[in-house]
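This report refers to the structure that appears directly beneath it.
The values are calculated or read from the model by the stated rules, or taken from the named source; none is laboratory data. Since this is a predicted model, take the numbers as computed values, not measurements. Here the Cβ positions follow ideal geometry from the backbone for every residue, glycine too, while neighbour counts run over all protein chains shown. Surface areas here come from the heavy atoms of the whole protein model, side chains and all, with no ligands, DNA or RNA. Shrake-Rupley method; radii C 1.70, N 1.55, O 1.52, S 1.80 Å.
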Amino acid sequence: MEKLVFFIYTFVYLFVLSFHSLANDLNIDSYFQSHMVLQQNQPIVVWGKATPGTVVDANFDGENVSTKTNKKGEWKVVFRPRKASFTPRTLNINHILLTDILVGEVWICAGQSNMAWPVSKCDDNTRNIAIAKDLCNGIRILNCTGVRGVAKNGYTQAELERCNTEHFFDYQWNIAT
C-alpha cells in the first residue's frame, strides 16, 4: 500500500511539474522567424505570449532587454533602431533562437495572380535572374499563404475567429532564389 501511495504522489508531482513547465512556454508571434528583415531606422518591436508573470529576457545584436508578461500573458520588447546592413544578426528570447536576421527596407507587395506568377513563365531576359543569384542573398521574402478574400461558406463563427492577425494566414520568411 505504501508503494502505491508513493507511486501516486510521485506521478502527481511529475504531472504537475511537467504541466507547469509546459504552461510557462514562451511563444513569439509567428511573424518573427529566422531569415526575416526588420525595418531600418525604426524601433524594433517583438511580441508574443506566455504564462502571465513570465520573465522574458531578449537579446538582439548585443542589446539586452527584459520584460514580464501581463495578466493576459502578452509581452513586448523594444530594441533601439538599427541602420540597414547585410550583416546577419541573431535574436534570442528565453530559449528561442532566431538567426540570419537582416535590417533594411521592408516593402509590401500585393496583387492578385501577378504576385503568384512564376519566373519560369517569363521571357528569357527575366529568366536570366539566375545569373544574379549572389545578389539575391540580401533579399528576403515573407510568403503569406492561406489568404482568401471571401469566406467560402459564409461568415460562420469559425470563419470570424480565423479572421484575426494570428490566424488569418501563415507566414514563412524565405531567402530569395
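Checked against the criterion of being open to solvent by 80 Å² or more (accessible area, probe 1.4 Å) and at pLDDT 95 or above, the candidates Trp47, Trp75 yield just one match: Trp47. Filtered by the rule that a residue be open to solvent by 50 Å² or more (accessible area, probe 1.4 Å) and under 22 Å from Val106 (Cα atoms), region 50-61 gives a lone residue, Asp61.
For Arg82, the requirement of being modelled with pLDDT of 95 or more, within 17 Å of Phe32 (Cβ to Cβ) and part of a loop (DSSP other than H, G, I, E, B) is met. Would you mind stating whether Leu102 is closer than 30 Å to Glu63 by Cα and either open to solvent by 80 Å² or more (accessible area, probe 1.4 Å) or modelled with pLDDT of 75 or more (or both)? Taking the combined requirement at face value, the residue satisfies it. When the residues of region 19-35 are filtered to those that are modelled with pLDDT of 50 or more and among the small types (Gly, Ala, Ser), the one that is farthest from Asn137 (Cα to Cα) is Ser30. A Cβ distance below 7 Å, combined with a sequence gap of six or more or placement on separate chains, defines the contacts here; from region 58-78, residues that are over 22 Å from Pro88 (Cα atoms) and of a type in the set (D, E, K, R) reach residues that are open to solvent by less than 10 Å² (accessible area, probe 1.4 Å) and modelled with pLDDT of 95 or more in the pairs Lys68/Val56. The numbered conditions (1) in a strand (DSSP E or B); (2) open to solvent by 70 Å² or more (accessible area, probe 1.4 Å); (3) not hydrophobic (A, V, I, L, M, F, W, C) are all true for Arg89 except (2).
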